[in-house]
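**Q** Before we start, here is the structure in question, set down as structure tokens.
The values are calculated or read from the model by the stated rules, or taken from the named source; none is laboratory data. Everything quoted here is computed from the prediction, not taken from an experiment. In this analysis, Cβ positions are derived from the backbone assuming ideal geometry, glycine residues included, and neighbour counts consider all displayed protein chains. All accessible areas refer to the heavy atoms of the entire protein, side chains included, with ligands and DNA or RNA removed. Shrake-Rupley method; radii C 1.70, N 1.55, O 1.52, S 1.80 Å.
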Amino acid sequence: MVKKEIEKINIIVDNEEISVIKDSYLLSGLIENNINIPTLCHHKDLTPNGTCRLCIVEIEERGKKRLVTSCNFPVRNEIKVETQSDVIKKHRKNLAEMYLGRWPNVPVIQKIAKMCGTNDNQKYKSELSETSEKACILCGHCTRACNEFIQENIIDFAGRGIKRHIAMPFENVDPLCIGCTSCAYVCPTGAIEVNDNRNHPVDQKLIQKHGMRVNAEMATLDPYQCRMREVGTANIVEVMDQYDLLPVRNFKFGQDPETWRIDSNMMKKSYFTQGHPDQCWHGCSMSCAKAVEDFELKTGPYKGHKVIVDGPEYETAAGSSNMGCFDMDFCVEYNFYCDTYGIDTISFATCMAFVMECYENGIITKEDTGGLKLNFGATNDTLEVLHQMARGNGFGVDVGQGVRYLKEKWSKLKPEKAQFLQDIGMEAKGLEFSEYVSKESLAQQAGYTLALKGPQHDEAWLIFIDMVNNQIPSFEDKAEALYYFPLFRTWFGLYGLCKIVWNDVVPADNAIKHPPQVAAKIPEHVENYWKFVEGMTGRPLDEERMLDESARVHNLQKIMGLMLGKNSFDEDIPPYRAMGPVTIEEYESRQERYDKQLEELGHDIKNKSVEEKMEILRNYRYEQYAKVQQAAYKRRGWNEKGIPTKERLAELGIDLPELVEIVEEHLD
């Protein structure tokens, strides 16, 4: 999320000057300044619609006066506002008496009537009057919640005039209703009751309360933050490019002038279906899954077919830039065929980017590739490799083995290139790197490489809080983040929970309420997850309990890796390109930054060549990585070789003889 400056404007309200956010609705500004205005249809998390008319005020703008409903009047100019004139009071009182006549025993109506200076429930009494304390007052909260929270229209107004009421289509139960309870949550009278309890949670209201927080934030904040409903995770393509973090040409560079061809704006404008709730599961209010409909394939076994493509997401688009393929049609097509063939788009893109750099450096030639010209940007030949992988023939067989296999094979064939291949082969523990440039983020370098499964963003995604929001600036902050976030993100998986709603929408006051290191955790959202677990199981959670739960599994995974001959100390060290510039062109692309860093470290670089400066920088970055690696080991309760200590296993209650035996073999 890229922060925008908030512009404020001064207005006069009842002869007093107040400050409100420009373009915000007048009622919101009045409420923020503790000016009470009666309203029935207003809800802080829903789009205003001016139904009840109680919030009416008189404004004077450019010398002209008029009455407006304050809930949906945007403040764009300096205005004068009257909230308590005789005309306004008379209007509100008359409306309140109408509402009392129709719904005399509804508490919220009685409260509003009292605010308007009346308790007369006889003046407008008629055969339409409803005596129930939980009568529907036609405020429209439920219909808007269904539409705005869940992006459905399961319930809406039906009938006209005195027959107006709330209903599902054709007065029948709509089978598309998933029972999300959003309508019941926002109902001010209790007219809508939840009578289904399928999962038998211990405390359904607790779950509902915290779930609705997410729904409300998505409805009100997402359009101004990450736009997940519009473009999904692709929203950060241009953000990563802006911050020099988008992988370009096998992670050599972090931005490119052609990025606009594959960014989220291009996807929204010409590819993604809009205005439809596109979700991983029906009812998710984030709806970050996106699709391209009626896409005609140009290659492969389904050439000429029109298909629906699930995606692309950020990683797939960034994979395109990593291969130098700034072509949205290519991106969608390789997305489709990777899904169809059961191939990970990240591993494919990172592996092909490595192949392309090797091809351009003469390490492999057309003789090796079967005649394919695999320069960066070779869209058609890249797709042919993908099809070969699926068929099990040609050069695609080798590429399908991954980066580790290729660099080991080619190092044997050309030993003079072994170090270069090791430096640019973006894998660790046999897994290809996810699509972020980590050169300038020590936290992300360690986060990637110390991840037990290998360098994937599922376990350790620190690039944003480190490089964009600058929330973990110190060495100590990074070490703590390397303990907390991998465990927190592992914890999601243990419970089968989606992590997207944790940090892809953020409370508006998150950065204001908390210091940077705490704000990075998004505490209110962490609490949502704890309360969900508590509501389901009855078992309260806090940070210590959560981290211990995850640490047990995390350490068990580590020990299982050791048992299988994996997760050694050497596998916790990344290829150098993840840490710094391997080639002269890389250094020169960021020369001002690198030269400044070296000078700040006390090096006299005036008469040094680029190669000499690169060597100094390389040594320094290895030293820094070693420090953060050891700090992370220590914080996790592991020894200097990254082995869990017996004391740590005992602390976590997993010091089983079988596990201790495995650990002791590696502690010696």
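**Q** For the Cα atoms of the chain, what angle does the longest principal axis make with the long axis of helix 204-220, in degrees from 0 to 90, nearest 10?
**A** 80
**Q** On to the next question. At 1.4 Å probe radius, can you tell me the per residue accessible area of the chain in Å²? Write out the running numbers ahead of the final one.
**A** On the way: 31720 Å² over 668 residues.
Each residue of the chain exposes 47 Å² on average to a 1.4 Å probe.
**Q** Relative contact order for segment 294-411: what is it in percent, counting Cα pairs under 8 Å that are at least 6 residues apart? Before the final figure, lay out the partial values.
**A** Numbers: 134 pairs, mean separation 24.8, N = 118.
Relative contact order here is 21 percent.
**Q** How much accessible area does Leu176 have with a 1.4 Å probe, in Å² rounded to the nearest 10?
**A** For Leu176, the solvent-accessible surface is approximately 100 Å².
**Q** Ignoring any ligand, DNA or RNA, what whole percent of the accessible area of the chain comes from carbon and sulfur when the probe is 1.4 angstrom?
**A** Values: 15660 of 31720 Å².
Answer for the chain: carbon and sulfur cover 49 percent of the accessible area.
**Q** Right, another one. Using r as the Cβ-Cβ distance of His282 and Glu623, and R0 as 56 Å, what FRET efficiency do you calculate, to the nearest 0.05?
**A** 0.60
**Q** Where the convex hull is taken over the Cα atoms of segment 19-95, what is its projected area averaged over directions, in nm²? Walk me through the numbers before you get to the answer.
**A** Numbers: hull surface 19.8 nm².
The orientation-averaged projected area of the Cα hull of segment 19-95 comes to 4.9 nm².
**Q** In nm, to one decimal, how far is the Asn119 label point from the Lys22 one, both placed 7 Å along Cα→Cβ?
**A** 4.8
**Q** In degrees from 0 to 90, rounded to the nearest 10, what is the angle of the helix 475-495 Cα long axis to the longest principal axis of the chain?
**A** 70
**Q** Next question. Give, rounded to the nearest 20 debye, the magnitude of the charge dipole that the chain has about its Cα centre when Lys and Arg contribute +1 at Cβ and Asp and Glu contribute -1 at Cβ. If you can, show how the numbers build up before the last one.
**A** Details: 80 positive and 102 negative charges, 464 e Å.
For the chain, the charge dipole is close to 2220 debye.
**Q** Order Lys429, Lys80, Lys205, most accessible first, counting only protein heavy atoms with a 1.4 angstrom probe. Show your work: numbers first, answer last.
**A** Working: Lys429 35, Lys80 115, Lys205 155 Å².
Ranking Lys429, Lys80, Lys205 by accessible area, largest first, yields Lys205, Lys80, Lys429.
**Q** Hey, another quick one. On the full set of protein chains, 1.4 Å probe, figure out the accessible area of Cys136 and give it in Å² to the nearest 10.
**A** 50
**Q** Here's another thing I want to ask about it. Mind computing the radius of gyration and Dmax over the alpha-carbon atoms of segment 327-387? Å is fine for both.
**A** Spelled out, the Cα radius of gyration and Dmax of segment 327-387 are 11.4, 32 Å.
**Q** Do you know the relative contact order of segment 567-668, to the nearest whole percent, from alpha carbon pairs under 8 angstrom that are 6+ apart? Let's see the in-between values first.
**A** Working: 53 pairs, mean separation 20.8, N = 102.
Taking the mean separation of contacting Cα pairs over the length of segment 567-668, I get 20 percent.
**Q** Rounding to the nearest 20 debye, state how big the charge dipole of segment 274-337 is about its Cα centre with +1 on each Lys and Arg Cβ and -1 on each Asp and Glu Cβ.
**A** 100
**Q** Still on this structure: Calculated from DSSP H runs of 4 or more alone, at -39500 (n - 2.57) each and per residue, what is the 222 nm mean residue ellipticity of the chain, nearest 500?
**A** Numbers: 29 runs with 297 residues, N = 668.
Computed ellipticity for the chain at 222 nm equals -13000 deg cm²/dmol.
**Q** May I pose another question? May I ask you to compute the full-extension gain from His305 to Asp156, defined as 0.36 nm times their residue separation minus their alpha-carbon distance, rounded to one decimal in nm?
**A** Full extension from His305 to Asp156 adds 49.7 nm.
**Q** So, one more: Which angle between 0 and 90 degrees, to the nearest 10, do you get for helix 403-413 versus the longest principal axis of the chain when only C-alpha atoms count?
**A** For 403-413 against the chain, the angle is about 20 degrees.
**Q** When the dipole is taken about the Cα centre of segment 172-252, and only Lys, Arg (+1) and Asp, Glu (-1) are charged at their Cβ, what size is it in debye, to the nearest 20?
**A** Numbers: 8 positive and 10 negative charges, 38 e Å.
Here the size comes out at about 180 debye.
**Q** Just to check, using Stokes-Einstein with a Kirkwood Rh over alpha carbon pairs, what's the diffusion coefficient of segment 273-337 at 10 °C and 1.306 mPa s in µm²/s? Don't jump to the answer; show the numbers that get you there.
**A** Details: Rh = 12.7 Å.
Value of D from the Cα-based Kirkwood radius: 125 µm²/s.
**Q** Which residue, Leu128, Leu442, Pro301, has the largest displacement toward the positive end of the dipole of the chain when charges sit on each Cβ (Lys, Arg +1; Asp, Glu -1)?
**A** So the residue we want is Leu128.
**Q** Follow-up question, since we're still on this one. For Lys417, what accessible surface area do you get with a 1.4 Å probe? Give it in Å², rounded to 10.
**A** 70
**Q** Now, a different point. Once Lys and Arg get +1 and Asp and Glu get -1 on their Cβ, which of Phe475, Leu462, Phe488 lies farthest toward the positive end of the dipole of segment 426-491?
**A** Phe488
**Q** Rounded if a/c is under 1.5, else prolate if a/b beats b/c, else oblate: with a ≥ b ≥ c from the C-alpha gyration tensor eigenvalues square-rooted, which is segment 223-361? List each step's numbers first, then the result.
**A** On the way: a/c = 1.95, a/b = 1.22, b/c = 1.60.
In terms of gyration-tensor shape, oblate.
**Q** Can you sort Phe336, Phe170 by solvent-accessible area, 1.4 Å probe, largest first? Don't skip to the end; give the middle numbers.
**A** On the way: Phe336 30, Phe170 185 Å².
If we order Phe336, Phe170 from most to least accessible, we get Phe170, Phe336.
**Q** Beyond 39 Å, what share of the Cα-Cα pairs of the chain remains, rounded to the nearest whole percent? Could you put the intermediate results ahead of the total?
**A** Working: 100883 of 222778 pairs.
Value for the chain (Cα pairs over 39 Å): 45 percent.
**Q** Continuing with the same structure: May I have the extent of the alpha carbons of segment 221-298 along their three principal axes, as whole Å values ordered from largest to smallest?
**A** In descending order, the Cα extents are 40, 37, 19 Å.
**Q** Rounded, prolate or oblate: which one fits segment 458-557, using the alpha carbon gyration tensor with axes a ≥ b ≥ c (rounded when a/c is under 1.5, else prolate when a/b beats b/c, else oblate)?
**A** The shape class here is oblate.
**Q** In square nanometres and to one decimal, what's the mean projected area of the convex hull around the Cα atoms of segment 191-237? Walk me through the numbers on the way to the answer.
**A** Details: hull surface 20.0 nm².
Projected area, direction-averaged: 5.0 nm².
**Q** Let me ask something additional. What is the chain's relative contact order, in percent, from Cα pairs under 8 angstrom and six or more apart in sequence? The partial results should precede the final answer.
**A** Values: 1057 pairs, mean separation 60.2, N = 668.
Answer for the chain is 9 percent.
**Q** Follow-up question, since we're still on this one. Which one of Tyr633, Gly580, His603 has its Cα pushed farthest toward the positive end of the charge dipole of segment 573-651, where Lys and Arg give +1 and Asp and Glu give -1 at the Cβ?
**A** Of the options given, the answer is Tyr633.
**Q** Let me ask something else. Kindly identify segment 602-668 as rounded, prolate or oblate by the Cα gyration tensor criterion: order the square roots of the eigenvalues as a ≥ b ≥ c, call it rounded if a/c is under 1.5, otherwise compare a/b with b/c, prolate if a/b is larger, else oblate. Walk me through the numbers on the way to the answer.
**A** Details: a/c = 6.89, a/b = 3.74, b/c = 1.84.
Prolate is the answer for segment 602-668, as a/c is 1.5 or above and a/b outweighs b/c.
**Q** Let me ask something else about it. Can you sort Leu617, Leu601 by 1.4 Å-probe accessible area, starting with the largest? The partial results should precede the final answer.
**A** Values: Leu617 0, Leu601 75 Å².
Descending accessible area places them as Leu601, Leu617.
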